Amino acid sequence: MKEDVKQASFDEIYEELFPVVYRYVCLRIPSSEIEDVTAEIMAKIWKSISSFEGRSSLKCWALRIAANYIADYYRGKKEIKIIPLSEELQNIQCSRDYGEDFATIMSVNKTLAQLTEPQVAVIQLRLIEGFSSLETASILGMTQQAVDSMLYRAKKNFRAIYQAEMAGGEC
């Protein structure tokens, strides 16, 4: 596996990693900079591919690079903000009426925006991307126990906030 990765072409690495890196970046970087940041992360991954030791999956390793890059990106700005899904959804044009789906997405987005950045990251990596607790811990630089605990709290907080919004009719 390790040797296969090191001998893979840029196109092969790009095809495998771009979708997951792009999704990871979309929730963390302003929409005007998503393409540039993703491209820079992909270039960094390609330059570092010779140091991939195979101790984790390639996707896990790549997302660790992305997490570090994004941390550096915000270190100078002193602000971290979760990017609203509505920014991305406003650019989508479809012929089918997605009104109900859109309302659900907006409600989920509003709820996610009230969670902490680490909670959103754990939800994205564990529940959306399907990474294991161990892989998520490696990506985020924390222990597996911390990931499991944070996921539990994130789900509990999400549920409470979402139910309160639904009860209040603020969808």
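Nothing in this text is a laboratory measurement; each read-out follows from the coordinates by a stated rule. No experiment lies behind these values; they were computed from the predicted model shown. Note: ideal-geometry Cβ built from the backbone for every residue, glycine included; neighbour counts use all protein chains shown.
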### Task
Step through the residues of segment 42-57 one at a time and calculate ³J(HN,Hα) from phi using the Karplus curve (6.51 cos²θ - 1.76 cosθ + 1.60, θ = phi - 60°), rounding each to whole Hz and writing x for Gly and Pro.
4, 5, 5, 4, 4, 5, 9, 4, 5, 8, 5, 9, x, 6, 9, 5
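Run the numbers for ALA8 and SER50: contour at 0.36 nm per residue of separation, minus the present Cα-Cα distance, in nm.
Working: separation 42, 0.36 × 42 = 15.12 nm, distance 1.07 nm.
Taking 0.36 nm per residue and subtracting the Cα distance, the gain is 14.1 nm.
Please give the contour-minus-distance gain from ARG159 to ALA43: 0.36 nm per residue of separation, less the Cα-Cα distance, rounded to one decimal in nm. Don't skip to the end; give the middle numbers.
On the way: separation 116, 0.36 × 116 = 41.76 nm, distance 3.80 nm.
Here the answer is 38.0 nm.
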### Message
For segment 112-171 and segment 8-77, what is the centre-to-centre distance using only Cα atoms, to the nearest Å?
### Response
21 Å
#### Entry: Ranked list, fewest to most other Cβ atoms within 10 Å of each Cβ, for LEU112, LEU127, LEU63
LEU127, LEU112, LEU63
### Query
Between TYR152 and ASN68, what length in nm is gained on full extension when 0.36 nm per residue of separation is reduced by their alpha carbon distance?
27.8 nm
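Which of the GluC sites (Glu not before Pro) across segment 118-171 are loop residues per DSSP, with 16 or fewer other Cβ within 10 Å? Write down the numbers at each step before the final one.
On the way: sites: GLU129, GLU135, GLU165, GLU170; in loops: GLU129, GLU170.
In loop regions of segment 118-171 (DSSP not H, G, I, E or B), the sparsely surrounded GluC sites (Glu not before Pro) are GLU170.
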